[in-house]
Amino acid sequence: MNTNHIVRLTKTMLLAFFGFYVLFVAFGNVTDYNSNFMFVQHVLSMDTTFEGNSLMYRAITSPALHHTGYILIIITEWFIAFACLFGAGKMLKQLKGSAESFHEAKKWGMIGLLFGIAVWFLGFQVIGGEWFAMWQSEVWNGLTSAFRLTTYISTTIVILMLKES
């Protein structure tokens, strides 16, 4: 196996690893619904933020909206997992193909990673962290995990974007 194939295999495996990670996350959210549902419920309710903060008008206390939000997150996670794994499979098939065909095979993986950024950066850091003031909670604060995932996803996006000559 030459260096070019090893580089391509590395890109492919980075994407596959993230796909498997999100697959396990989505599976866990379905099979242990309540654990992470409580997280979403508390973040949206803002019930563990600083007492008396003036942002409480943003709180969503409707159980139906809590479930709707959580179900949308889970559906998106399933999509991310399948897009990344499908993309990794297409990349694997093009390991020995032309630079153009390998680069084209990255499409589904990039879509999956974009949706990952949407969940963990936009959803958790921007909306959860700032709009719902999750940063104020000592108990229901997922910013560290969201930052870790956003960093992994961003790094993977940059690596996948590198095109061979």
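Dividing the C-alpha radius of gyration of the chain by 2.2 N^0.38 Å, with N its residue count, gives 1.20. When region 51-150 is described by a simple charge dipole with +1 on each Lys and Arg Cβ and -1 on each Asp and Glu Cβ, the residue from S101, I111, A133 located farthest towards its positive end is S101. For the chain, the solvent-accessible area with a 1.4 angstrom probe is 56 square angstrom per residue. What Kirkwood Rh does region 63-131 have if only Cα atoms enter the pairwise 1/r average? Answer in Å. Result for region 63-131, one decimal place: 13.3 Å.
Charging the Cβ of each Asp and Glu at -1 and of each Lys and Arg at +1, and nothing else, the dipole of the chain about its Cα centre rounds to 820 debye. With helices as the sole contributors, the chain gives -22500 deg cm²/dmol at 222 nm; each DSSP H run of n ≥ 4 counts as -39500 (n - 2.57), and the sum is divided by every residue. Report, in order of residue number, the helices in the chain meeting two criteria: a C-alpha extent of 24 Å or more along the helix axis, and a mean Kyte-Doolittle hydropathy of at least -1.0; treat each whole DSSP H run as one helix. The qualifying helices are 3-31, 63-93, 143-161. For region 9-64, with all protein chains in place and a probe radius of 1.4 Å, 67% of the accessible heavy-atom surface sits on carbon or sulfur.
The values are calculated or read from the model by the stated rules, or taken from the named source; none is laboratory data. Just so it is clear, the model here is predicted, and its values are computed rather than measured. Virtual Cβ from ideal backbone geometry, glycine too; neighbours counted across all protein chains shown. Note: areas computed on protein heavy atoms with side chains; ligands, DNA, RNA excluded. Shrake-Rupley method; radii C 1.70, N 1.55, O 1.52, S 1.80 Å.
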